[in-house]
Amino acid sequence: MPAAIVTDGALWGCAFVPWQKQHFRPRDPFGREWVALPGAEAKIATSFGTVAMTVADEDMPDLPPLNIVETHIALPAEVMVSYREMARELFTTAEGRTIEAASPLIATGKLAQMANGFLYGTGNDDAVIVHDLKIEWLRELVESLDGEPLLIAYEFIEDLRTIRRALGDVPVLGGPTSASKAARLVAAWNEKALPLLAFHPASAGHGLNLQFGGSRMAWLSPSWSAELTEQAIARIYRPEQTRHVTVHVCIATGTVDEMKCNRVLGKMTAQEAFRRYLERI
């Protein structure tokens with residue numbers, strides 16, 4: 001936390017997790033999203049005012065244009081049959097294997113996997129490939145940029161594996177990358193020495209200044225979180241960015257990708273979004 005640096009830990013402590021648990025609770029079983037406890041927001045805002053100030057939008061430096069490009073792709077008919085089976089029955093068959101979801105909440109993750117091109121079986125190291133349309137979209141995008149640097153946001157570890165199978169040993173921020181190696185990657189990116197750099201929005205969405213190395217970003221799928229999306233884009237769309245920023249997003253038509261967009265815009269819980277989604281298919 002920046003406040004821990006500014007105040008030498010006197011304000012909110014030196015570690016994030018204890019502070020997080022003191023003021024927030026997880027909204028979902030996986031701890032992907034947290035909500036403030038009663039009274040926590042006012043308390044944090046009051047204390048934050050001792051080390052920070054608010055700058056109005058009109059006082060911020062002018063930024064170049066920001067363009068969000070959504071590419072909608074249609075999955076093969078046989079994939080959609082399996083996809084709808086998972087959505088309705090919480091199980092499906094892929095490559096002769098039956099893969100189940102224990103609950104509608106877990107099914108949302110399975111559907112997101114299928115939209116991206118795979119299904120986890122018994123774990124993160126056991127993936128069944130169901131299509132390659134999204135990675136082909138990414139490959140074509142990289143080729144069209146002709147060497148222009150590109151940040152690539154991924155959701156699942158299998159996405160990263162797929163990216164590397166298609167595009168080579170793409171360096172990554174977050175996940176298994178150490179803090180020291182991440183710092184070297186950030187420096188290399190800002191020196192325009194990296195044509196491609198992958199990142200996970202949950203672990204690399206805050207505190208990174210990447211505006212000097214490029215102005216293009218690609219998402220294999222929309223994020224569940226508006227905040228993570230905004231913060232990730234803000235890594236390149238920030239003061240001292242001099243080029244037009246373009247963010248490419250791949251959306252599988254008729255899938256959980258569209259549900260994610262609805263959830264972010266409508267601020268629904270995952271369960272509510274999934275229920276509404278089932279009503280439409």
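The values are calculated or read from the model by the stated rules, or taken from the named source; none is laboratory data. In this text the structure is predicted, and so the values were computed from the model without any measurement. Don't worry about glycine lacking a Cβ; one is built from the backbone with ideal geometry, like all the others, and counts go over all protein chains shown. Keep in mind that these areas ignore ligands, DNA and RNA; they rest on the heavy atoms of the full protein, side chains included. Shrake-Rupley method; radii C 1.70, N 1.55, O 1.52, S 1.80 Å.
Amide H contacts of Val130: Phe118, Leu119, each under 5 Å away and 5 or more positions distant or on a separate chain (H built 1.01 Å from N in the peptide plane; Pro and chain starts excluded). Applying a threshold of 30 Å to the alpha-carbon distances of Lys192/Lys260; Lys43/Lys181; Lys134/Lys192; Lys134/Lys181 flags Lys192/Lys260; Lys43/Lys181 as lying beyond it.
Sparsely packed loop sites in the stretch 104-211 (the trypsin sites (Lys or Arg not before Pro) outside DSSP H, G, I, E and B with at most 16 other Cβ atoms within 10 Å) comprise Lys192. Restricting the stretch 166-237 to GluC sites (Glu not before Pro) that sit in a DSSP loop and have at most 12 other Cβ atoms within 10 Å of their own Cβ leaves Glu191. What you get for the stretch 159-231, charging only the Cβ of Lys and Arg (+1) and of Asp and Glu (-1), is a dipole of about 280 debye around the Cα centre. Based on alpha carbons, the Rg and Dmax found for the stretch 156-199 are 10.5, 29 Å. The GluC sites (Glu not before Pro) of the stretch 61-108 that meet both conditions, a loop assignment by DSSP and at most 13 other Cβ atoms within 10 Å of the site Cβ, are Glu95. Close amide H partners of Ala218, meaning residues 5 or more places away or on another chain with modelled amide H under 5 Å apart, are Leu151, Ile152, Ala153, His248. Every Cα-Cα pair in the stretch 167-261 was counted, and those over 15 Å apart are 62% of them.
Ranked from largest to smallest solvent-accessible area, with a 1.4 Å probe on the protein heavy atoms, Asp132, Asp126 come out as Asp132, Asp126.
For the stretch 40-198, a Kirkwood hydrodynamic radius built from all Cα pairs, placed in the Stokes-Einstein relation at 10 °C and 1.306 mPa s, yields a translational diffusion coefficient of 83 µm²/s. Note that the stretch 63-111 shows a convex hull volume over its alpha carbon atoms of 117 Å³ per residue. With all pairs of different C-alpha atoms in the average, the Kirkwood value for the hydrodynamic radius of the stretch 129-214 is 13.4 Å. Here r is the Cβ-Cβ distance between Asp132 and Ala234 and R0 is 45 Å; the resulting FRET efficiency, rounded to 0.05, is 0.90.
Accessible surface of Thr46, taken over heavy atoms with a 1.4 Å probe and every protein chain present, rounds to 100 Å².
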